[in-house]
Ligand code: NAD
Ligand code: UDP
């Protein structure tokens, strides 16, 4: 009997928070994983545990540039391409807005062309930000969004919207098979301490006894999904064989106010920090909660990890006790 061919996946953005967890999950399935990353917000530390993994390789490259010849001319066929390359935190993606926009538009174009060349299935990590500051609640995939195209968040929001457009044009032109995930706020171990998002800020502030910063009155809502649930959703989306090809929301519908998140972090860390109020950033969405009925129906997916359980693991991670963190039960 001939040797079975190895499944090879490319994870663009694989050194980042979600991408590194996704790479772990793909390797656990027995696949070979190529991580392509420019290390803008990603870190080698997220991948250090894979240093001796023979089925894992890193390509240090920027998706806005022509892709490395090793990919475009490689003899090894890529079966799956996950495009997660793009800084996700507002302060990071706003630091160089032009590069953020091009990462989404040019980067997605380069990776779609690669998918066509390899006949690889392609998944785009889009975002709930395509809904902007939503006028409907919860957000369904059929909602077209309420995005300010000229504001400071536009480089990301409009970049992802254009990336979705490219992906669906590609599909309509029968150039390949694409799947689009609209990811809602995701948190967990391996977020950067200086990431700037509310979960990592609140935890690092509480652990160092600093005041927790709340933007605005803290009455804006978000719905936070633990990273293991998100990775499970992304895998199911990539692998499902149904005919459904629209974008699919992935997120945890458990919605809470930002000030209540801060209170939970204080309770779970036992910190005595106070709270400092800062101005609400421009165009900050007021409410956000995914309607996940399509993910439930098409992917048989729903999040399993409750916020307290996920926060406990994330807190342990930020306390520097990664091994103990892995042992904290998620249920
Ligand atoms: P992250 O910043 O940790 O990861 C992004 C990765 O992409 C990093 O490793 C970064 O170095 C890399 N990258 C950025 N620009 C690149 C470029 N031009 N070329 C190559 N690599 C590049 O963010 P994350 O939270 O892991 O998010 C992963 C993906 O999921 C992103 O596309 C993001 O837009 C999307 N998403 C995340 C969330 C969330 O809450 N975490 C929500 C919605 C969407
Ligand atoms: N936020 C906050 N304090 C912080 C960081 C963020 O109150 O230290 C608020 C932010 O204004 C937003 C919410 O928390 O209303 C979620 O912000 P985050 O950057 O985590 O994700 P976003 O949903 O904005 O992409």
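A short reminder: the numbers here are calculations on the coordinates, not readings from a lab. Note that the structure is a prediction, hence the values are computed from the model and not measured. Glycine also receives a Cβ, built like all others from the backbone with ideal geometry; neighbour counts cover every protein chain displayed.
Side notes on the structure shown:
- Angle in degrees between helix 258-269 and the longest Cα principal axis of the chain, rounded to the nearest 10: 80
- Fewest neighbouring Cβ atoms within 10 Å first, the residues 225, 155 line up as 155, 225.
- Size descriptor for the chain, Kirkwood hydrodynamic radius: 20.2 Å (Cα pairs only, one decimal).
- For the pair residue 302 and residue 215, label points projected 7 Å from Cα toward Cβ lie 3.1 nm apart.
- Folded to 0 to 90 degrees: helix 198-207 orientation relative to the chain principal axis, Cα: 50
- For q = 0.19, 0.24, 0.26, 0.32 Å⁻¹, Debye-computed log10 I/I(0) when each Cα of region 90-137 counts as one equal scatterer: -0.78, -0.94, -0.99, -1.14
- Among beta bridges from DSSP that stay inside the chain, the antiparallel ones total about 10%.
- Overall form of region 8-98 per C-alpha gyration tensor (a/c, 1.5; a/b vs b/c): oblate
- Amide N of region 141-185 lying under 20 Å from the label point, which is placed 7 angstrom from the Cα of residue 284 along Cα→Cβ: 146-158, 184-185
- Helix 307-318 and the longest principal axis of the Cα set of the chain meet at an angle near 80°.
- For 47, 27, order by how many other beta-carbon atoms lie within 10 Å, fewest first: 27, 47
- Cα centroid of region 230-261 to Cα centroid of region 46-61, whole Å: 26
- Prolate/oblate/rounded call for region 196-236, Cα gyration tensor, a/c under 1.5 rounded: oblate
- Relative contact order for region 152-304: 32 percent, from Cα pairs under 8 Å spaced at least 6 residues apart, divided by residue count.
- Residue-span extension gain [residue 177 to residue 148] - 0.36 nm each, minus C-alpha spacing: 7.4 nm
- Footprinting exposure proxy ranking of 92, 146, fewest other C-beta atoms within 10 angstrom first, gives 146, 92.
- Calculated [θ] (222 nm, deg cm²/dmol) that DSSP helices of n ≥ 4 give over the chain, each run adding -39,500 (n - 2.57): -11000 deg cm²/dmol
- As a length-normalised measure over Cα pairs under 8 Å and 6 or more apart, the relative contact order of region 236-331 settles at 34 percent.
- Contact order normalised by residue count of the chain, Cα under 8 Å, 6+ apart, percent: 16
- Segment residue 241-residue 29, extension gain: residue separation times 0.36 nm, minus the distance between their alpha carbons: 74.5 nm
- Applying 0.36 nm per residue to the separation of residue 208 and residue 193 and subtracting their alpha-carbon distance, the gain on full extension is 4.3 nm.
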